[in-house]
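Participant: Before I ask anything, here is the structure I am working with.
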Amino acid sequence: MEDMRNKRGQILYLVIPCYNEQEVLPETSQRLLEKLQSLMERGTISRESRILFVNDGSKDRTWEMIEELHGENPVFSGVKLSRNRGHQNALLGGLMTAKQYADMVISLDADLQDDIDVIDQFVEKYYEGCEIVYGVRSARDTDTFFKKFTAEGFYKLINLMGGEVVFNHADYRLMSRRALEEMENYQEVNLFLRGIVPMIGFQTGVVTYERHERFAGESKYPLKKMLALAVDGITSLSIKPIRFIVFLGMLIFLCSIAMLAYSLIQHFLGNTSIGWTSLIVSIWAIGGLQLLAIGVIGEYIGKIYLETKKRPRFIIEKVIR
Ligand code: UDP
Ligand code: MG
(Lines give C-alpha, C1' and ligand atoms only; values in the text may rest on other atoms or scores of the structure.)
(Ligands and ions follow the chains in the order given, each with its own letter.)
Protein backbone atom coordinates (compact mmCIF):
# COMPACT_ATOMS: atom_id res chain seq x y z
CA MET A 1 0.00 0.00 0.00
CA GLU A 2 2.61 2.53 1.10
CA ASP A 3 5.08 1.93 -1.73
CA MET A 4 2.26 1.85 -4.25
CA ARG A 5 1.17 5.32 -3.24
CA ASN A 6 4.46 6.86 -4.26
CA LYS A 7 4.06 5.56 -7.78
CA ARG A 8 2.19 7.97 -10.02
CA GLY A 9 -0.08 6.92 -12.84
CA GLN A 10 -2.76 5.27 -10.71
CA ILE A 11 -6.31 4.63 -11.79
CA LEU A 12 -8.80 7.45 -11.22
CA TYR A 13 -12.55 7.07 -11.59
CA LEU A 14 -14.90 10.03 -11.76
CA VAL A 15 -18.32 9.04 -10.45
CA ILE A 16 -21.25 11.17 -11.58
CA PRO A 17 -24.84 10.48 -10.48
CA CYS A 18 -27.30 11.57 -13.18
CA TYR A 19 -31.01 12.06 -12.92
CA ASN A 20 -32.68 13.50 -16.03
CA GLU A 21 -29.49 15.19 -17.13
CA GLN A 22 -29.84 15.02 -20.94
CA GLU A 23 -29.34 18.79 -21.22
CA VAL A 24 -25.96 18.79 -19.52
CA LEU A 25 -24.45 15.44 -20.52
CA PRO A 26 -22.98 16.41 -23.92
CA GLU A 27 -21.01 19.32 -22.50
CA THR A 28 -20.22 17.62 -19.18
CA SER A 29 -18.81 14.55 -20.90
CA GLN A 30 -16.62 16.68 -23.21
CA ARG A 31 -15.24 18.78 -20.39
CA LEU A 32 -14.50 15.78 -18.20
CA LEU A 33 -12.90 13.95 -21.10
CA GLU A 34 -10.51 16.85 -21.72
CA LYS A 35 -9.64 16.97 -18.04
CA LEU A 36 -8.99 13.25 -17.82
CA GLN A 37 -6.93 13.24 -21.01
CA SER A 38 -4.70 16.06 -19.84
CA LEU A 39 -4.05 14.17 -16.60
CA MET A 40 -3.30 11.00 -18.56
CA GLU A 41 -0.91 12.78 -20.93
CA ARG A 42 1.07 14.16 -18.04
CA GLY A 43 1.30 10.65 -16.62
CA THR A 44 -0.45 11.72 -13.43
CA ILE A 45 -3.11 9.05 -13.79
CA SER A 46 -3.35 5.73 -15.56
CA ARG A 47 -4.76 5.31 -19.07
CA GLU A 48 -7.24 2.91 -17.47
CA SER A 49 -8.96 5.78 -15.68
CA ARG A 50 -12.65 6.15 -16.43
CA ILE A 51 -15.62 8.48 -16.26
CA LEU A 52 -18.45 6.53 -14.64
CA PHE A 53 -21.98 7.88 -15.04
CA VAL A 54 -24.64 6.48 -12.73
CA ASN A 55 -28.10 6.69 -14.21
CA ASP A 56 -30.50 7.11 -11.31
CA GLY A 57 -33.67 5.94 -13.05
CA SER A 58 -33.88 8.91 -15.40
CA LYS A 59 -37.07 9.38 -17.36
CA ASP A 60 -35.37 11.14 -20.29
CA ARG A 61 -32.62 10.05 -22.70
CA THR A 62 -29.85 10.10 -20.08
CA TRP A 63 -29.14 6.36 -20.22
CA GLU A 64 -29.23 6.17 -24.04
CA MET A 65 -26.76 9.05 -24.11
CA ILE A 66 -24.44 7.26 -21.68
CA GLU A 67 -24.56 4.16 -23.91
CA GLU A 68 -23.76 6.27 -26.96
CA LEU A 69 -20.83 7.89 -25.18
CA HIS A 70 -19.53 4.46 -24.22
CA GLY A 71 -19.79 3.39 -27.85
CA GLU A 72 -17.76 6.39 -29.00
CA ASN A 73 -15.06 6.15 -26.37
CA PRO A 74 -14.56 3.39 -23.80
CA VAL A 75 -13.30 5.95 -21.29
CA PHE A 76 -16.99 6.60 -20.64
CA SER A 77 -18.68 3.89 -18.66
CA GLY A 78 -22.04 3.63 -16.99
CA VAL A 79 -24.05 2.08 -14.21
CA LYS A 80 -27.79 1.89 -14.53
CA LEU A 81 -29.88 1.71 -11.39
CA SER A 82 -33.12 -0.21 -11.65
CA ARG A 83 -35.11 2.89 -10.70
CA ASN A 84 -34.74 6.31 -9.10
CA ARG A 85 -33.24 5.90 -5.65
CA GLY A 86 -32.09 9.45 -4.96
CA HIS A 87 -28.74 11.16 -5.19
CA GLN A 88 -27.09 9.60 -2.11
CA ASN A 89 -27.94 6.04 -3.09
CA ALA A 90 -26.97 6.58 -6.71
CA LEU A 91 -23.66 7.98 -5.54
CA LEU A 92 -23.04 5.02 -3.25
CA GLY A 93 -23.86 2.60 -6.07
CA GLY A 94 -21.33 4.35 -8.28
CA LEU A 95 -18.64 4.50 -5.60
CA MET A 96 -18.99 0.82 -4.76
CA THR A 97 -18.79 -0.11 -8.44
CA ALA A 98 -15.77 2.11 -9.05
CA LYS A 99 -14.00 0.73 -5.98
CA GLN A 100 -13.53 -2.60 -7.74
CA TYR A 101 -11.40 -1.06 -10.49
CA ALA A 102 -10.00 2.23 -9.23
CA ASP A 103 -7.23 3.34 -6.87
CA MET A 104 -8.98 6.63 -6.21
CA VAL A 105 -12.46 7.94 -6.94
CA ILE A 106 -13.76 11.49 -7.20
CA SER A 107 -17.51 12.08 -6.94
CA LEU A 108 -19.11 15.11 -8.54
CA ASP A 109 -22.43 16.34 -9.90
CA ALA A 110 -23.44 16.11 -13.53
CA ASP A 111 -24.00 19.85 -13.85
CA LEU A 112 -20.31 20.62 -13.11
CA GLN A 113 -21.22 23.33 -10.63
CA ASP A 114 -18.14 22.16 -8.79
CA ASP A 115 -15.01 23.49 -10.47
CA ILE A 116 -13.35 20.56 -12.26
CA ASP A 117 -10.00 22.33 -12.47
CA VAL A 118 -9.32 21.43 -8.84
CA ILE A 119 -9.32 17.73 -9.77
CA ASP A 120 -5.54 18.14 -10.23
CA GLN A 121 -5.25 19.27 -6.62
CA PHE A 122 -7.39 16.37 -5.41
CA VAL A 123 -5.06 13.94 -7.13
CA GLU A 124 -1.94 15.70 -5.80
CA LYS A 125 -3.26 15.38 -2.25
CA TYR A 126 -3.91 11.72 -2.88
CA TYR A 127 -0.29 11.21 -3.91
CA GLU A 128 0.77 13.10 -0.80
CA GLY A 129 -0.90 10.35 1.20
CA CYS A 130 -4.47 11.54 1.83
CA GLU A 131 -7.11 8.82 1.84
CA ILE A 132 -9.94 11.36 1.70
CA VAL A 133 -9.88 14.86 0.20
CA TYR A 134 -12.85 17.16 0.78
CA GLY A 135 -13.89 19.78 -1.75
CA VAL A 136 -14.95 22.85 0.22
CA ARG A 137 -16.74 25.85 -1.25
CA SER A 138 -14.85 29.06 -0.66
CA ALA A 139 -17.69 31.47 -1.42
CA ARG A 140 -21.40 31.38 -2.03
CA ASP A 141 -21.58 34.50 -4.19
CA THR A 142 -23.77 32.87 -6.78
CA ASP A 143 -26.30 31.63 -4.22
CA THR A 144 -29.43 33.50 -3.30
CA PHE A 145 -29.62 34.76 0.27
CA PHE A 146 -32.19 32.07 1.04
CA LYS A 147 -30.02 29.22 -0.26
CA LYS A 148 -26.93 30.52 1.53
CA PHE A 149 -28.80 30.98 4.80
CA THR A 150 -30.50 27.59 4.75
CA ALA A 151 -27.41 25.72 3.54
CA GLU A 152 -25.04 27.22 6.10
CA GLY A 153 -27.65 26.87 8.84
CA PHE A 154 -27.93 23.21 7.90
CA TYR A 155 -24.22 22.53 8.52
CA LYS A 156 -24.34 24.37 11.83
CA LEU A 157 -27.47 22.51 12.96
CA ILE A 158 -25.99 19.12 12.14
CA ASN A 159 -22.82 19.90 14.07
CA LEU A 160 -24.92 21.15 16.98
CA MET A 161 -26.88 17.91 16.88
CA GLY A 162 -23.69 15.91 17.29
CA GLY A 163 -23.10 14.94 13.68
CA GLU A 164 -19.67 15.72 12.32
CA VAL A 165 -19.76 17.28 8.88
CA VAL A 166 -17.18 19.37 7.05
CA PHE A 167 -18.49 22.93 6.76
CA ASN A 168 -19.54 23.85 3.21
CA HIS A 169 -18.52 20.49 1.81
CA ALA A 170 -21.12 18.67 -0.24
CA ASP A 171 -20.35 15.48 -2.13
CA TYR A 172 -17.40 16.71 -4.18
CA ARG A 173 -14.59 14.61 -2.75
CA LEU A 174 -11.83 12.17 -3.48
CA MET A 175 -11.68 8.83 -1.72
CA SER A 176 -8.96 6.23 -2.03
CA ARG A 177 -9.88 2.63 -2.54
CA ARG A 178 -8.88 1.98 1.04
CA ALA A 179 -11.31 4.60 2.38
CA LEU A 180 -14.06 3.18 0.18
CA GLU A 181 -13.42 -0.32 1.47
CA GLU A 182 -13.85 0.96 5.01
CA MET A 183 -16.98 2.87 4.04
CA GLU A 184 -18.47 -0.37 2.77
CA ASN A 185 -18.63 -1.53 6.39
CA TYR A 186 -21.16 1.19 7.19
CA GLN A 187 -24.16 -0.91 6.36
CA GLU A 188 -26.88 1.60 7.11
CA VAL A 189 -29.82 1.95 4.82
CA ASN A 190 -30.62 5.50 5.92
CA LEU A 191 -27.61 6.97 4.24
CA PHE A 192 -26.05 10.40 4.62
CA LEU A 193 -22.60 10.18 3.07
CA ARG A 194 -21.38 13.55 4.27
CA GLY A 195 -21.84 12.39 7.84
CA ILE A 196 -20.35 8.93 7.34
CA VAL A 197 -17.16 9.87 5.50
CA PRO A 198 -15.65 11.94 8.35
CA MET A 199 -16.22 8.97 10.67
CA ILE A 200 -13.79 6.90 8.63
CA GLY A 201 -10.78 8.95 9.68
CA PHE A 202 -7.29 8.47 8.16
CA GLN A 203 -5.21 11.28 6.73
CA THR A 204 -7.49 13.80 5.05
CA GLY A 205 -7.04 16.96 3.03
CA VAL A 206 -9.13 19.90 1.87
CA VAL A 207 -9.31 21.61 -1.49
CA THR A 208 -11.24 24.86 -1.83
CA TYR A 209 -13.05 25.95 -4.95
CA GLU A 210 -15.73 28.32 -6.15
CA ARG A 211 -19.04 26.86 -7.13
CA HIS A 212 -20.59 27.96 -10.41
CA GLU A 213 -24.19 28.09 -11.48
CA ARG A 214 -25.75 25.19 -13.31
CA PHE A 215 -25.00 25.77 -17.00
CA ALA A 216 -28.05 23.92 -18.32
CA GLY A 217 -31.11 22.04 -17.12
CA GLU A 218 -32.65 22.72 -13.75
CA SER A 219 -31.92 21.66 -10.19
CA LYS A 220 -33.01 18.13 -9.29
CA TYR A 221 -33.00 19.17 -5.64
CA PRO A 222 -36.21 21.08 -4.96
CA LEU A 223 -36.84 22.39 -1.44
CA LYS A 224 -38.75 19.22 -0.56
CA LYS A 225 -35.76 16.97 -1.30
CA MET A 226 -33.44 19.39 0.47
CA LEU A 227 -35.54 19.24 3.64
CA ALA A 228 -35.71 15.45 3.43
CA LEU A 229 -31.91 15.36 3.16
CA ALA A 230 -31.57 17.65 6.18
CA VAL A 231 -33.90 15.51 8.31
CA ASP A 232 -32.14 12.33 7.16
CA GLY A 233 -28.80 13.90 7.92
CA ILE A 234 -29.72 14.73 11.49
CA THR A 235 -31.71 11.63 12.39
CA SER A 236 -29.27 9.22 10.77
CA LEU A 237 -26.30 10.68 12.60
CA SER A 238 -27.53 11.38 16.06
CA ILE A 239 -30.12 10.63 18.71
CA LYS A 240 -29.80 14.07 20.25
CA PRO A 241 -33.37 15.04 19.32
CA ILE A 242 -34.54 12.21 21.62
CA ARG A 243 -32.29 13.40 24.41
CA PHE A 244 -33.79 16.83 23.95
CA ILE A 245 -37.20 15.39 24.92
CA VAL A 246 -35.70 14.03 28.14
CA PHE A 247 -34.38 17.47 29.05
CA LEU A 248 -37.66 19.10 28.16
CA GLY A 249 -39.48 16.62 30.40
CA MET A 250 -37.13 17.31 33.29
CA LEU A 251 -37.53 21.04 32.79
CA ILE A 252 -41.30 20.88 32.86
CA PHE A 253 -41.22 18.58 35.86
CA LEU A 254 -39.07 21.14 37.69
CA CYS A 255 -41.59 23.79 36.67
CA SER A 256 -44.31 21.67 38.23
CA ILE A 257 -42.49 21.73 41.54
CA ALA A 258 -42.23 25.50 41.33
CA MET A 259 -45.90 25.63 40.43
CA LEU A 260 -46.68 23.44 43.45
CA ALA A 261 -44.97 25.92 45.76
CA TYR A 262 -46.63 28.86 44.06
CA SER A 263 -50.09 27.26 44.14
CA LEU A 264 -49.75 26.31 47.80
CA ILE A 265 -48.83 29.88 48.71
CA GLN A 266 -51.80 31.18 46.72
CA HIS A 267 -53.99 28.52 48.34
CA PHE A 268 -53.07 29.52 51.87
CA LEU A 269 -53.40 33.19 51.06
CA GLY A 270 -56.93 32.34 50.01
CA ASN A 271 -56.53 33.76 46.49
CA THR A 272 -57.79 30.65 44.75
CA SER A 273 -61.04 28.95 44.09
CA ILE A 274 -61.57 25.39 45.25
CA GLY A 275 -59.92 22.74 43.06
CA TRP A 276 -57.59 25.14 41.23
CA THR A 277 -54.46 24.18 43.14
CA SER A 278 -54.70 20.45 42.60
CA LEU A 279 -55.71 20.95 38.97
CA ILE A 280 -52.85 23.24 38.05
CA VAL A 281 -50.23 21.15 39.83
CA SER A 282 -51.40 17.93 38.18
CA ILE A 283 -51.36 19.47 34.70
CA TRP A 284 -47.73 20.47 35.05
CA ALA A 285 -46.63 17.32 36.85
CA ILE A 286 -48.34 14.92 34.47
CA GLY A 287 -47.12 16.82 31.41
CA GLY A 288 -43.57 16.76 32.67
CA LEU A 289 -43.67 13.11 33.69
CA GLN A 290 -45.10 12.09 30.34
CA LEU A 291 -42.41 13.86 28.38
CA LEU A 292 -39.78 12.40 30.67
CA ALA A 293 -41.16 8.89 30.18
CA ILE A 294 -41.32 9.27 26.40
CA GLY A 295 -37.78 10.53 26.45
CA VAL A 296 -36.52 7.58 28.47
CA ILE A 297 -38.23 5.12 26.14
CA GLY A 298 -36.84 7.09 23.22
CA GLU A 299 -33.38 6.81 24.69
CA TYR A 300 -33.60 3.01 24.46
CA ILE A 301 -35.11 3.14 20.99
CA GLY A 302 -32.22 5.38 20.02
CA LYS A 303 -29.78 2.78 21.29
CA ILE A 304 -31.58 0.06 19.34
CA TYR A 305 -31.49 2.31 16.29
CA LEU A 306 -27.75 2.78 16.52
CA GLU A 307 -27.21 -0.94 17.15
CA THR A 308 -29.16 -1.92 14.07
CA LYS A 309 -26.82 0.15 11.95
CA LYS A 310 -23.98 -2.26 12.81
CA ARG A 311 -21.38 0.39 12.21
CA PRO A 312 -17.75 -0.64 12.53
CA ARG A 313 -16.50 0.27 15.98
CA PHE A 314 -12.96 1.01 14.91
CA ILE A 315 -10.83 1.22 11.82
CA ILE A 316 -7.14 0.43 12.06
CA GLU A 317 -4.94 2.76 10.08
CA LYS A 318 -1.59 1.13 10.72
CA VAL A 319 -0.02 -1.75 12.63
CA ILE A 320 3.66 -1.73 13.48
CA ARG A 321 5.32 -4.87 14.77
N1 UDP B 1 -29.43 13.42 -8.71
C2 UDP B 1 -29.63 12.04 -8.70
N3 UDP B 1 -30.84 11.55 -8.27
C4 UDP B 1 -31.84 12.36 -7.82
C5 UDP B 1 -31.62 13.77 -7.79
C6 UDP B 1 -30.40 14.26 -8.24
O7 UDP B 1 -28.76 11.28 -9.08
O8 UDP B 1 -32.89 11.85 -7.45
C9 UDP B 1 -28.14 13.96 -9.17
C10 UDP B 1 -28.21 15.02 -10.27
O11 UDP B 1 -28.30 14.43 -11.55
C12 UDP B 1 -26.92 15.79 -10.07
C13 UDP B 1 -26.70 15.69 -8.57
O14 UDP B 1 -27.52 14.64 -8.10
O15 UDP B 1 -25.83 15.19 -10.73
C16 UDP B 1 -27.02 16.99 -7.86
O17 UDP B 1 -28.28 17.47 -8.23
P18 UDP B 1 -28.55 19.00 -8.59
O19 UDP B 1 -27.38 19.57 -9.32
O20 UDP B 1 -29.86 19.10 -9.28
O21 UDP B 1 -28.64 19.63 -7.12
P22 UDP B 1 -28.27 21.14 -6.69
O23 UDP B 1 -26.90 21.42 -7.24
O24 UDP B 1 -29.30 22.00 -7.26
O25 UDP B 1 -28.28 21.10 -5.18
MG1 MG C 1 -26.29 21.19 -9.07
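Participant: Please name which of N89, L157, L291 has its Cα lying farthest along the dipole of the chain towards the positive end, using unit charges on Cβ (Lys, Arg +1; Asp, Glu -1) and the Cα centre as origin.
Facilitator: Of the options given, the answer is L291.
Participant: Ordering H87, H169 from largest to smallest accessible area (1.4 angstrom probe), what's the sequence? Each step should come with its number before you reach the end.
Facilitator: On the way: H87 35, H169 5 Å².
Putting H87, H169 in descending order of accessible area: H87, H169.
Participant: Quick check for you: with a 1.4 Å probe and neighbouring chains kept, what is the accessible area per residue of the chain, in Å²? Before the final figure, lay out the partial values.
Facilitator: Working: 17340 Å² over 321 residues.
Heavy-atom SASA per residue in the chain reads 54 Å².
Participant: In square angstrom, rounded to the nearest 10, how much accessible surface does T308 have for a 1.4 Å probe?
Facilitator: 90 Å²
Participant: I'd like to know which of L25, V281, I200 lies farthest towards the positive end of the charge dipole of the chain, counting +1 on Cβ of Lys and Arg and -1 on Cβ of Asp and Glu.
Facilitator: Result: V281, furthest along the dipole toward the positive end.
Participant: Assigning unit charges at the beta carbon (Lys, Arg +1; Asp, Glu -1) and nothing else, what dipole magnitude in debye, to the nearest 20, does the chain show about its Cα centre? List each step's numbers first, then the result.
Facilitator: Details: 38 positive and 40 negative charges, 239 e Å.
So the magnitude is around 1140 debye.
Participant: What nm value, rounded to one decimal, do you get for the distance between E128 and S273 when each label is placed 7 Å out toward the C-beta?
Facilitator: Each label point lies 7 Å from its Cα, and together they span 7.6 nm.
Participant: Could you list, in their original order, any pairs among K80/K148; K99/K310; K125/K147; K59/K309; K99/K240 whose Cα atoms are separated by more than 28 Å? All intermediate terms of the calculation are to be shown ahead of the outcome.
Facilitator: Numbers: K80/K148 33 Å; K99/K310 21 Å; K125/K147 30 Å; K59/K309 32 Å; K99/K240 33 Å.
Violating the 28 Å Cα-Cα cut-off are K80/K148; K125/K147; K59/K309; K99/K240.
Participant: Given the Cα-Cα distance of E48 and N73 and 0.36 nm per residue of separation, how much length would full extension add, in nm? Don't skip to the answer; put the middle values down first.
Facilitator: Values: separation 25, 0.36 × 25 = 9.00 nm, distance 1.23 nm.
Extra length from E48 to N73 when fully extended: 7.8 nm.
Participant: Something else about it: Starting from the eigenvalues of the Cα gyration tensor, five times each then square-rooted, give me the equivalent ellipsoid semi-axes of the chain, largest first, whole Å. Before the final figure, lay out each step's value.
Facilitator: Details: eigenvalues 503, 100, 59 Å².
For the chain, the ellipsoid semi-axes come out as 50, 22, 17 Å.
Participant: Let me ask something else about it. Rank these by accessible area, largest first, 1.4 Å probe: K7, K99. Present the calculation step by step, with values, prior to reporting the outcome.
Facilitator: Values: K7 135, K99 30 Å².
Order by accessible area, largest first: K7, K99.
Participant: Would you tally the net charge around E210, using a Cβ to Cβ cut-off of less than 12 Å, leaving E210 out, and scoring K and R as +1, D and E as -1?
Facilitator: With Lys, Arg at +1 and Asp, Glu at -1, the neighbours total -3.
Participant: In degrees from 0 to 90, rounded to the nearest 10, what is the angle of the helix 25-41 Cα long axis to the longest principal axis of the chain?
Facilitator: It works out to around 60 degrees.
The values are calculated or read from the model by the stated rules, or taken from the named source; none is laboratory data. Every value quoted in this text rests on a predicted model; they were computed, and no experiment measured them. A quick note on method: Cβ atoms are made from the backbone with ideal geometry, for glycine too, and the neighbour counts reach across all protein chains shown. Only protein heavy atoms, including side chains, enter the accessible area calculation; ligands, DNA and RNA are left aside. Shrake-Rupley method; radii C 1.70, N 1.55, O 1.52, S 1.80 Å.
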